[in-house]
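Structure first, commentary second.
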Amino acid sequence: LLQYIANGGYAGLEKALDGMSPDQVLEEVKGSGLRGRGGAAFPTGLKWSFLSGNPAKEKYILCNCEEGDPGAFNDKTILDADPFTLIEGCIIAGFAAGASNGIVFIRHGNDSPIDRTRAALRACYANGILGHRVMGTDFAFDIEVSLVGESYVAGEETALMEAVAGKRAMTRFRPPFPAAYGVWGKPSNINNIKTISYVPEIISRGADWFAGIAT
């Protein structure tokens, strides 16, 4: 954790909590052009805005590391090497969308990413980065790890929500969409691990920086 902070970690979260409103964070993510990296490429800021408009007190940011494709280690490697980036992005997403909880879904059996993510979460709770007063502010946010079984279809967002609730990993009919009825029936957004991991640098450096990288 200290090494991450020494290299600029949590600067994006500090900027968001100390100097920006949730709407400003949303607009920054929208302006960056960030799209979902799980395959659908849906605009991330727009997706978050669906959740932010829901007045429910209990809302979830879901981070998808099911990654069931054979030989795929893109998302798992992020959690293995740099879990704090994902945690920071998840907290920022929670602040922007008015969410109360985050869940990181990891496929059962990937011991190293699971252990690294859980250790990172413990360090964040111990240092006031997660919990009732995130970084000393009035914003409260909790994150936990949830393991899903070896079911390829669980990579689809509604099937993943069913799996974490202890049900068979089967896709739901839509509507209702997750922002209205997600995990355990609570409003939810689900994003790929890589998508969320881009967010801290976008907030820290600004939307124009990210939008200027490529088309």
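Counting only helices (runs of 4 or more DSSP H) that fall entirely inside the stretch 1-111 and contain at least 1 residues that are more than 16 Å from I193 (Cβ to Cβ) and either modelled with pLDDT of 90 or more or touching a strand residue (DSSP E or B) at 6+ places or on another chain (Cβ under 8 Å) (or both), the qualifying elements are 2-6, 11-19, 22-32, 44-52, 83-97. Here A154 passes the criteria (1) modelled with pLDDT of 80 or more; (2) part of a helix (DSSP H, G or I); (3) buried (at least 24 other Cβ atoms within 10 Å of the Cβ) except the one numbered (1). For beta carbons closer than 9 Å, sequence separation of 6+ or different chains, a first residue in the stretch 1-17 that is touching a residue at least 12 places away in the same chain (Cβ under 8 Å) and a second that is open to solvent by 30 Å² or more (accessible area, probe 1.4 Å) and basic (K, R), the qualifying pairs are G12/R205. If I filter the stretch 122-131 for residues that are in a helix (DSSP H, G or I) and open to solvent by less than 30 Å² (accessible area, probe 1.4 Å), do I get at least one hit? Yes, because at least one residue in the stretch 122-131 is in a helix (DSSP H, G or I) and open to solvent by less than 30 Å² (accessible area, probe 1.4 Å).
Among the candidates I203, I196, the residue that is closer than 24 Å to I5 by Cβ, among the β-branched types (V, I, T), in contact with a strand residue (DSSP E or B) (Cβ under 9 Å, 6 or more places away or on another chain) and part of a helix (DSSP H, G or I) is uniquely I196. Residue pairs whose Cβ atoms lie under 6 Å apart, sitting 6 or more positions apart in sequence or on different chains, and linking a residue in the stretch 51-62 that is open to solvent by less than 60 Å² (accessible area, probe 1.4 Å) to a partner that is polar (S, T, N, Q), are L51/N189; K59/S100; Y60/N101; Y60/S188; I61/N189; L62/S188.
The values are calculated or read from the model by the stated rules, or taken from the named source; none is laboratory data. The structure presented is a predicted model; accordingly, all values stated were derived computationally and were not measured. No Cβ is skipped: glycine too gets one built from the backbone with ideal geometry, and neighbour counts run over all protein chains shown. Remember, those area values only see protein heavy atoms, side chains included, never the ligands or the DNA or RNA. Shrake-Rupley method; radii C 1.70, N 1.55, O 1.52, S 1.80 Å.
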